[in-house]
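Novice: The structure under discussion is supplied below as structure tokens; questions concerning it will follow.
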Amino acid sequence: VEANAGLMTVSSRPDAVLPAYAVFNFDWKPDDFVAIGVEYQDCIAAVTDEVPPVFLWTTDEDQTVPPSQSLRFAQALSAAGVPFEYHHFQRGVHGLATGTQVANNDRPTLPENVSAWVGLATAWLRATWAAR
């Protein structure tokens with residue numbers, strides 16, 4: 001297609017990555033875990049200095065994805081010299097999105113400070129892009 005003629009000449013590398021309570025490898029999955037059609041990748045082992053800058057956050061009360069996933073990813077980023085910012089909130093379950101009532105209408109209460117990640121990420125993105 002003519003409209004896409006130059007598409008492959010443009011980099012597909014993102015300028016930044018912002019994972020939240022993310023799965024970075026599957027060395028922690030429960031014995032009964034079934035991932036049909038999912039190819040296992042070890043993003044922790046794959047970290048190199050080519051990874052774009054990263055802002056990541058997690059919560060200590062996440063029962064779905066162990067918070068150690070984010071901590072180990074942050075350690076791998078640090079070892080590779082990748083710029084990153086990491087926030088580990090004490091309270092909050094998996095799937096909080098922005099941590100606001102609008103995004104969590106089905107939850108009667110929310111942790112007080114987890115929504116701060118949005119402002120923190122915004123400031124980090126501004127500073128990261130300003131440094132470019």
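The values are calculated or read from the model by the stated rules, or taken from the named source; none is laboratory data. All values reported here derive from a predicted model rather than from experimental measurement. Cβ: placed from backbone, ideal geometry, glycine included. Neighbour counts: every protein chain shown. Heavy atoms of the whole protein, side chains included, go into the accessibility calculation; ligands, DNA and RNA do not. Shrake-Rupley method; radii C 1.70, N 1.55, O 1.52, S 1.80 Å.
Novice: Quick check on the range 73-103: of everything there that is touching a Pro at 6+ places or on another chain (Cβ under 9 Å) and either polar (S, T, N, Q) or in a loop (DSSP other than H, G, I, E, B) (or both), which residue is surrounded by the fewest Cβ atoms within 10 Å (Cβ to Cβ)?
Specialist: Among them, the one singled out is Gln90.
Novice: With the requirement that a residue be at pLDDT below 90 and either of a type outside the set (Asp, Glu) or not in a loop (DSSP other than H, G, I, E, B) (or both), what does the range 104-122 give you?
Specialist: Asn104, Asn105, Arg107, Pro108, Thr109, Leu110, Pro111
Novice: Give the residue, chosen from Val47, Val34, that is under 16 Å from Tyr86 (Cα atoms), free of Cβ contacts under 8 Å to residues at least 40 places away in the same chain and either open to solvent by less than 30 Å² (accessible area, probe 1.4 Å) or part of a loop (DSSP other than H, G, I, E, B) (or both).
Specialist: Answer to the selection: Val47.
Novice: Across the range 106-121, what is the total count of residues that are under 14 Å from the mean Cα position of the chain (by Cα) and free of Cβ contacts under 8 Å to residues at least 40 places away in the same chain? Before the answer, list the steps.
Specialist: Within the range 106-121, the first condition is being under 14 Å from the mean Cα position of the chain (by Cα), and the residues that meet it are 117-118, 120-121.
Filter again for free of Cβ contacts under 8 Å to residues at least 40 places away in the same chain, leaving 118.
Matching residues across the range 106-121 total 1.
Results for (1) within 24 Å of Ser11 (Cα to Cα); (2) among the small types (Gly, Ala, Ser), shown as yes or no for each residue.
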| position | (1), (2) |
| --- | --- |
| Val47 | yes, no |
| Ser68 | no, yes |
| Ala97 | no, yes |
| Gly119 | no, yes |
| Ala127 | yes, yes |
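Novice: List pairs: first in the range 1-22 and among the β-branched types (Val, Ile, Thr), second part of a loop (DSSP other than H, G, I, E, B) and open to solvent by less than 100 Å² (accessible area, probe 1.4 Å), Cβ under 7 Å, 6+ apart or cross-chain?
Specialist: Pairs that qualify, where the first residue is among the β-branched types (Val, Ile, Thr) and the partner is part of a loop (DSSP other than H, G, I, E, B) and open to solvent by less than 100 Å² (accessible area, probe 1.4 Å), are Val17/Pro52.
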